[in-house]
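Scroll down for the structure; my scribbles are underneath it.
The values are calculated or read from the model by the stated rules, or taken from the named source; none is laboratory data. Worth saying up front: this structure is predicted, and the values here are computed from it rather than measured. Cβ placement follows ideal geometry from the backbone for every residue including glycine, while neighbour counts extend to all protein chains displayed. Accessible surface areas use protein heavy atoms only, side chains included; no ligands, DNA or RNA. Shrake-Rupley method; radii C 1.70, N 1.55, O 1.52, S 1.80 Å.
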Amino acid sequence: MTPIQHTEPARTGEHVLSEAAGSRSREAIVVASGVLAAGTVLAMATDGTYVAHDPTASDGTEIAAGILYGPADATDGPVPAVAHVRDCEVNGTAITW
């Protein structure tokens with residue numbers, strides 16, 4: 001019998017090693033599109049919303065601007081979310097590029 005493989009999605013904040021006191025590291029953002037897991041590296045679009053970082057782009061989304069704190073499902077349009085945008089240490093193996 002073949003064992004069943006189970007992959008658990010990234011948990012909210014699982015990527016965080018340390019952050020500044022209070023809410024200094026986090027910021028309320030808007031995710032523009034897609035289904036993004038916690039720990040996804042984000043880029044800021046020209047309209048101020050956030051999208052998944054794309055290192056091959058040339059429209060500004062090739063510049064990492066934050067890391068998504070919890071999952072976000074923006075398949076039906078922009079949704080509010082929280083991201084680490086400053087003063088935060090993360091586990092590099094727990095983030096999604």
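Data for the structure
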{"quantity": "Filter result (under 16 Å from Val90 (Cβ atoms) and among the β-branched types (Val, Ile, Thr)) within the range 43-77", "calculated": "Ile67"}
{"quantity": "Matching strands (runs of 3 or more DSSP E) fully within the chain where at least 1 residues are in contact with a Ser or Thr (Cβ under 9 Å, 6 or more places away or on another chain), open to solvent by 90 Å² or more (accessible area, probe 1.4 Å) and touching a residue at least 40 places away in the same chain (Cβ under 8 Å)", "calculated": "34-36, 88-90"}
{"quantity": "Of residues in the range 43-89 being closer than 13 Å to Arg26 by Cα and of a type in the set (A, V, I, L, M, F, W, C), the one nearest to the chain's Cα centre (by Cα)", "calculated": "Leu68"}
